[in-house]
1. Scanning segment 189-203 for residues that are part of a helix (DSSP H, G or I) and in contact (Cβ under 8 Å) with a residue 60 or more places away in the chain, which turns out surrounded by the most Cβ atoms within 10 Å (Cβ to Cβ)?
2. Kindly indicate which of ASP94, ASP89 is over 22 Å from ILE329 (Cα atoms), out of contact with any Ser or Thr (no Cβ under 7 Å at 6 or more places or on another chain) and either modelled with pLDDT under 85 or not hydrophobic (A, V, I, L, M, F, W, C) (or both).
3. Only one of these is out of contact with any Pro (no Cβ under 7 Å at 6 or more places or on another chain) and open to solvent by less than 30 Å² (accessible area, probe 1.4 Å): ARG129, ARG121. Name it.
4. Taking the residues in segment 149-181 that are open to solvent by less than 20 Å² (accessible area, probe 1.4 Å) and assigned to a loop (DSSP other than H, G, I, E, B) as candidates, determine which candidate is farthest from MET233 (Cα to Cα).
5. Confirm whether ARG292 is open to solvent by 40 Å² or more (accessible area, probe 1.4 Å) and in a strand (DSSP E or B).
6. Please specify each residue of segment 242-274 satisfying the condition of being surrounded by fewer than 19 Cβ atoms within 10 Å (Cβ to Cβ), closer than 30 Å to PHE6 by Cβ and touching a helix residue (DSSP H, G or I) at 6+ places or on another chain (Cβ under 8 Å).
7. Among the residues of segment 247-268, is any of a type in the set (A, V, I, L, M, F, W, C) and under 30 Å from GLU194 (Cβ atoms)?
Amino acid sequence: MSINTFGRLLRFTTWGESHGPALGAVVDGCPPGLELSEYKIQPYLDARRPGQSKFTTQRQEPDAVRILSGVFEGKTTGTPISLMIENVDQRSKDYSEVAKAYRPGHADYAYDAKYGFRDYRGGGRSSARETAARVAAGAVARLVIPEVAVLAWVSEIGGDGIESANFDANQIGNNPFFCPDPVAAARWEKLVDEARLAGSSLGAVVECVAQGVPAGWGAPIYGKLDADLAAAMMGINAVKGVEIGDGFAAARLSGEQNADPMRPGPGIPVFTANHAGGIAGGISTGQPVKVRVAFKPTSSILTPVETIDREGQAAEIRTKGRHDPCVGIRGVPVVEAMMALVLADHKLLHRGQCG
């Protein structure tokens, strides 16, 4: 079976393919009475939209969202909210070679092995285009958690990372890389452009922090907040790794180094470190929730790569068309959306059990 729904109380289902007539999401479980319009969703889709610089795919999609249900007189009704985004700039002819042979690193062979049939036009559901629907759903989720501020940025491209001393959140929206370090952003222009001109691609790391999450969200053992965050981030196309807090670096620390010491505070403890990323035992601690997400290099590249065709014969493929030289760049709004969706779900779950 195919599983296209995520969440427990706040659930969202995405639908549509990269080269179909439209794609979208249905958000169910949203509380009633929240102010919602296309104008509140569109800015997040605009941040993810393709074709805004030479460092992303040149596919020109306005990504204009339409609300088809679940809203009346500008407010959510408590019924399913259906969101639709039309595809207007498909070029399916670019994928004639992909119909015959598999792109290494992409989901072509895996989909064929599972279904015995696949939509080769842009990869169908395996395309990063699917994430536009998640961003739209994430905009709805943000209404459920007004007390939380979610911010993501690119911290590394092609192995070249930012300097923490140069971090300036105000710079994230001032360059095409969602980069908080203007010095690194200048380096990345050359780095990504060289990969683009060479017909290749680069990977990236996206970091995301949620400020204002109170202590208590999440549940022990099988409903852990960090487990759901990891599942949400790993469900993003092209993601190959997720870390919570210090992640793998924590394995190289001693117990006293990894501890998050606490001091008395005004009604709540004051933490002097946050190695755990704001989550302990699967439950939020009141500290910022921190996640790092690793995006692989885009698999659709112009550089010829050895592969096999559908008959199992040796072949070579180079993918024509318009593709991101670094798909992780546009992953920033997607990571923010998935963070918001998980936190909103856990807020409702916590309220349902604990009041």
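The values are calculated or read from the model by the stated rules, or taken from the named source; none is laboratory data. Quick caveat: nothing in here was measured; it's all calculated off a predicted structure. We place every Cβ from the backbone using ideal geometry, glycine too, and count neighbours over all the protein chains shown. To get the accessible areas, we keep the full protein, side chains included, count just its heavy atoms, and leave off ligands, DNA and RNA. Shrake-Rupley method; radii C 1.70, N 1.55, O 1.52, S 1.80 Å.
1. Residues of segment 189-203 that are part of a helix (DSSP H, G or I), as a first pass: 189-197.
Narrowing further to those that are in contact (Cβ under 8 Å) with a residue 60 or more places away in the chain: 189, 192-193, 195-196.
Values: GLU189: 15, VAL192: 25, ASP193: 13, ALA195: 21, ARG196: 19.
Checked segment 189-203; the qualifying residue surrounded by the most Cβ atoms within 10 Å (Cβ to Cβ) is VAL192.
2. Values: ASP89 fails: over 22 Å from ILE329 (Cα atoms).
Residue meeting the stated conditions: ASP94.
3. Details: ARG121 fails: open to solvent by less than 30 Å² (accessible area, probe 1.4 Å).
ARG129 is the lone residue from the list that is out of contact with any Pro (no Cβ under 7 Å at 6 or more places or on another chain) and open to solvent by less than 30 Å² (accessible area, probe 1.4 Å).
4. Filtering first and then ranking leaves ASP181.
5. Numbers: open to solvent by 40 Å² or more (accessible area, probe 1.4 Å): yes; in a strand (DSSP E or B): yes.
Judged against the criteria, ARG292 is a match.
6. Selection gives ALA250 alone.
7. As a first pass, look at segment 247-268 and keep what is of a type in the set (A, V, I, L, M, F, W, C): 248-251, 253, 259, 262, 268.
Within this subset, residues satisfying the condition of being under 30 Å from GLU194 (Cβ atoms) are 248-249.
Yes, some residue in segment 247-268 is of a type in the set (A, V, I, L, M, F, W, C) and under 30 Å from GLU194 (Cβ atoms).
Residues are listed down the side, and each one gets a yes or a no for (1) in a strand (DSSP E or B); (2) farther than 22 Å from LEU341 by Cα; (3) touching a Phe, Trp or Tyr at 6+ places or on another chain (Cβ under 9 Å); (4) at pLDDT below 90:
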{"residue": "ARG8", "(1), (2), (3), (4)": "no, no, no, no"}
{"residue": "PHE12", "(1), (2), (3), (4)": "yes, no, yes, no"}
{"residue": "PRO43", "(1), (2), (3), (4)": "no, no, no, no"}
{"residue": "ASP46", "(1), (2), (3), (4)": "no, no, no, no"}
{"residue": "PHE55", "(1), (2), (3), (4)": "no, yes, yes, yes"}
{"residue": "GLN60", "(1), (2), (3), (4)": "no, yes, no, yes"}
{"residue": "ASP63", "(1), (2), (3), (4)": "no, no, no, yes"}
{"residue": "SER82", "(1), (2), (3), (4)": "yes, no, no, no"}
{"residue": "GLY105", "(1), (2), (3), (4)": "no, yes, no, yes"}
